[in-house]
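*Asks:* This is the structure I have questions about; it appears just below.
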Amino acid sequence: MIAKETKLKGCFILEPTVFKDERGYFFESYNNEKFNKLVGQEVNFVQDNQSFSTKGVIRALHYQVGEYAQAKLVRVLQGKVLDVAVDIRKDSPTFGEHVAIELSGDNKKQLYIPRGFAHGFSVLSDTSTFFYKCDNYYNKEAEGGIIFNDKSLNIDWGLALDQIKVSDKDIILPTLESARL
């Protein structure tokens, strides 16, 4: 596996070594020892989550605060998404900046998003199955969010306006400026 740090410190793109032959393919999607060495810290994932979405869905931008903050390791099992991580660490030189990477069942890339980031994705294929690991358990009282179309973030979700589907909960999220961080 190869890890490349993005412009946001601590946020890594991971590319597995894929072994292909006439039968199909095999790759190691996660190895705790190798992962920790690649990202340079001890991460203990405690929860796995999976979602299925249709084209145009934007699930964004979510995070947890305080002692319930979460690091995530995300990947796509089927389909294609544009995955987005936003640095919301107030003391960071890249506060308010984001990275966007295409994750797909075909490219098998993963994105490691450390604590202190908001996360979201848009579905670019007809359907997508999204999978992620978290290093802390979900806590409803600690959840926070930022509206996907916050002008200060200027995120291009790769979708036309008439394609976008956002949940009732996500459409009323605050801007970064007003968010609980």
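The values are calculated or read from the model by the stated rules, or taken from the named source; none is laboratory data. What you see is a predicted model; the values in this text were computed from it and never measured. In this analysis, Cβ positions are derived from the backbone assuming ideal geometry, glycine residues included, and neighbour counts consider all displayed protein chains.
*Asks:* It is to be established whether one or more residues within the range 153-173 are in contact with a helix residue (DSSP H, G or I) (Cβ under 6 Å, 6 or more places away or on another chain), among the charged types (D, E, K, R), over 18 Å from residue 49 (Cα atoms) and at pLDDT 95 or above.
*Replies:* no
*Asks:* Right, another one. Name every residue in the range 141-173 that is not aliphatic (A, V, I, L, M) and not in a loop (DSSP other than H, G, I, E, B), in order of residue number.
*Replies:* First, pick out the residues of the range 141-173 that are not aliphatic (A, V, I, L, M): 141, 143-145, 148-152, 154, 156-158, 162-163, 165, 167-170.
Selection gives 141, 143, 144, 145, 162, 163, 165, 168, 169, 170.
*Asks:* Consider residue 138 against the criteria (1) in a strand (DSSP E or B); (2) within 15 Å of residue 72 (Cα to Cα); (3) among the hydroxyl-bearing types (Ser, Thr, Tyr): it satisfies all of them except one. Which criterion is unmet?
*Replies:* (1)
*Asks:* Quick one: is residue 147 in contact (Cβ under 8 Å) with a residue 12 or more places away in the chain, surrounded by 20 or more Cβ atoms within 10 Å (Cβ to Cβ), of a type in the set (Val, Ile, Thr) and out of contact with any Phe, Trp or Tyr (no Cβ under 8 Å at 6 or more places or on another chain)?
*Replies:* Numbers: in contact (Cβ under 8 Å) with a residue 12 or more places away in the chain: yes; surrounded by 20 or more Cβ atoms within 10 Å (Cβ to Cβ): no; of a type in the set (Val, Ile, Thr): yes; out of contact with any Phe, Trp or Tyr (no Cβ under 8 Å at 6 or more places or on another chain): yes.
Considered against the rule, which asks whether it is in contact (Cβ under 8 Å) with a residue 12 or more places away in the chain, surrounded by 20 or more Cβ atoms within 10 Å (Cβ to Cβ), of a type in the set (Val, Ile, Thr) and out of contact with any Phe, Trp or Tyr (no Cβ under 8 Å at 6 or more places or on another chain), residue 147 comes out as no.
*Asks:* Checking the structure you have, find out if any residue of the range 73-96 is touching a Leu at 6+ places or on another chain (Cβ under 9 Å), of a type outside the set (Gly, Ala, Ser), free of Cβ contacts under 8 Å to residues at least 40 places away in the same chain and within 19 Å of residue 164 (Cβ to Cβ).
*Replies:* Yes - at least one qualifying residue is present in the range 73-96.
*Asks:* Moving on to the next point. Six or more apart or on different chains, Cβ atoms under 9 Å: show the pairs whose first residue is in the range 114-135 and under 12 Å from residue 75 (Cα atoms) and touching a residue at least 60 places away in the same chain (Cβ under 8 Å) and whose second is hydroxyl-bearing (Ser, Thr, Tyr) and crowded, with 21+ Cβ neighbours inside 10 Å.
*Replies:* 121/128
*Asks:* Continuing with this model, one more query. Would you be able to say whether some residue in the range 17-35 is free of Cβ contacts under 8 Å to residues at least 24 places away in the same chain and under 18 Å from residue 117 (Cβ atoms)? Walk me through how you get there before you give the answer.
*Replies:* Applying the first criterion (free of Cβ contacts under 8 Å to residues at least 24 places away in the same chain) to the range 17-35 yields 17, 19-26, 32-33.
Adding the requirement that they be under 18 Å from residue 117 (Cβ atoms) leaves none.
No.
*Asks:* With the condition kept exactly as written, say whether any residue in the range 60-68 is modelled with pLDDT under 95 and either in a strand (DSSP E or B) or out of contact with any helix residue (DSSP H, G or I) (no Cβ under 9 Å at 6 or more places or on another chain) (or both).
*Replies:* yes
Every residue, every condition in (1) among the hydroxyl-bearing types (Ser, Thr, Tyr); (2) buried (at least 18 other Cβ atoms within 10 Å of the Cβ); (3) in a strand (DSSP E or B), yes or no:
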position: 74; (1), (2), (3): no, yes, yes
position: 92; (1), (2), (3): yes, no, no
position: 102; (1), (2), (3): no, no, yes
position: 121; (1), (2), (3): no, yes, yes
position: 125; (1), (2), (3): yes, no, no
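*Asks:* Ok, one more. Consider residue 76 carefully, then state whether it is in contact with a helix residue (DSSP H, G or I) (Cβ under 7 Å, 6 or more places away or on another chain) and of a type outside the set (Asp, Glu).
*Replies:* Numbers: in contact with a helix residue (DSSP H, G or I) (Cβ under 7 Å, 6 or more places away or on another chain): no; of a type outside the set (Asp, Glu): yes.
Spelling it out, it is not the case that residue 76 is in contact with a helix residue (DSSP H, G or I) (Cβ under 7 Å, 6 or more places away or on another chain) and of a type outside the set (Asp, Glu).
*Asks:* Return only the number of the condition from (1) at pLDDT below 95; (2) surrounded by 19 or more Cβ atoms within 10 Å (Cβ to Cβ); (3) over 10 Å from the mean Cα position of the chain (by Cα) that residue 41 does not satisfy.
*Replies:* For residue 41, the failing item is (2).
*Asks:* If you don't mind, another one. Only one of 151, 133 is of a type in the set (D, E, K, R) and in contact with a strand residue (DSSP E or B) (Cβ under 8 Å, 6 or more places away or on another chain); which? Lay out the reasoning, then the answer.
*Replies:* Values: 151 fails: in contact with a strand residue (DSSP E or B) (Cβ under 8 Å, 6 or more places away or on another chain).
After ruling out the rest, the residue left standing is 133.
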